[in-house]
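In what follows, a single structure is set out as structure tokens and then discussed.
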Amino acid sequence: MTRTQTSARDRVLQTAAALFAERGFHGTSVRDIADACGMRPSSLYNHVNDKNDMLLHIVGRYLDALDRVLPDEAGGPGDGGTRLAAMIRASLGVAGMYPDEFLTLSNSWTYIRRTPELTAVVARRDAGRALWADVLAAGIADGSLRGGLDPGEVLRVVFSALHGSLDRRFDAPYASAAPSAEAGTDTASAASPSGAETLVTLLLDGLRPRG
């Protein structure tokens, strides 16, 4: 593959990611992506196989970055609560660097889970979730986190909070104007240190042992 072909493929994937994050996977057609790239729909297939191929590579970029940091935080020093907080900060940081990829994965999860061509994504997500479950269990066992809560529901709330922190579409002044494919998704405040600390405080204070 030549440098020009690589550049064109990257442009297609970046444009697709922005549109998937803004409109949803099913709300974005190949023609939409081609139009945004300034090319014919038929020309798009010189760079990608189909929409599933785009989806696989887009979410793969985010998962690659997450895999470089999350295991280290999960196995880092401190009790389970400390490591859970570190995982939240790291996850929000990576999602802030790859907001369109993160939102594409999150918003398209039902489709991804049901699509045989995307089973590799499901396997990677399940492996990541297992890390979260292990650290949560460790925190409950060592007393740094509350027991008596459904671990599956706790993780669902954590993941929902991560998604909500990055999805700014319904926050004023963003609600009046959806992000463009060129601009991407506005996540500056969510990805900031103060945004991460707010999320950690809100989530973990409720998980700390009482009394």
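Structural remarks
- Using θ = phi - 60° and Karplus 6.51 cos²θ - 1.76 cosθ + 1.60, couplings along the stretch 151-165 (whole Hz; Gly, Pro as x): x, x, 5, 4, 5, 4, 5, 4, 5, 5, 5, 4, 4, x, 5
- Working ranking of peptides 121-129, 98-106 by packing, defined as the average number of other Cβ atoms within 10 Å per residue, highest first, is 98-106, 121-129.
- Computed from point charges on the beta carbon alone (+1 for Lys and Arg, -1 for Asp and Glu), the dipole magnitude for the stretch 76-172 about its Cα centre is near 100 Debye.
- Built amide H within the under 5 Å cut-off of R146, gap 5+: R208
- Accessible surface, the stretch 1-71, averaged per residue in Å² (probe 1.4 Å): 51 Å²
- Here the stretch 1-73 has 44 percent of its accessible surface on carbon and sulfur atoms, given a 1.4 Å probe and all protein chains in place.
- When M54, M97, M39 are compared by accessible area at a 1.4 angstrom probe, the order from most to least is M97, M39, M54.
The values are calculated or read from the model by the stated rules, or taken from the named source; none is laboratory data. The model shown is predicted, which means the values in this text are computed figures rather than measured ones. Every residue, glycine as well, gets a Cβ built from its backbone with ideal geometry; the counts of neighbours run over all protein chains shown. Areas reflect the complete protein model, heavy atoms only, side chains present, ligands, DNA and RNA absent. Shrake-Rupley method; radii C 1.70, N 1.55, O 1.52, S 1.80 Å.
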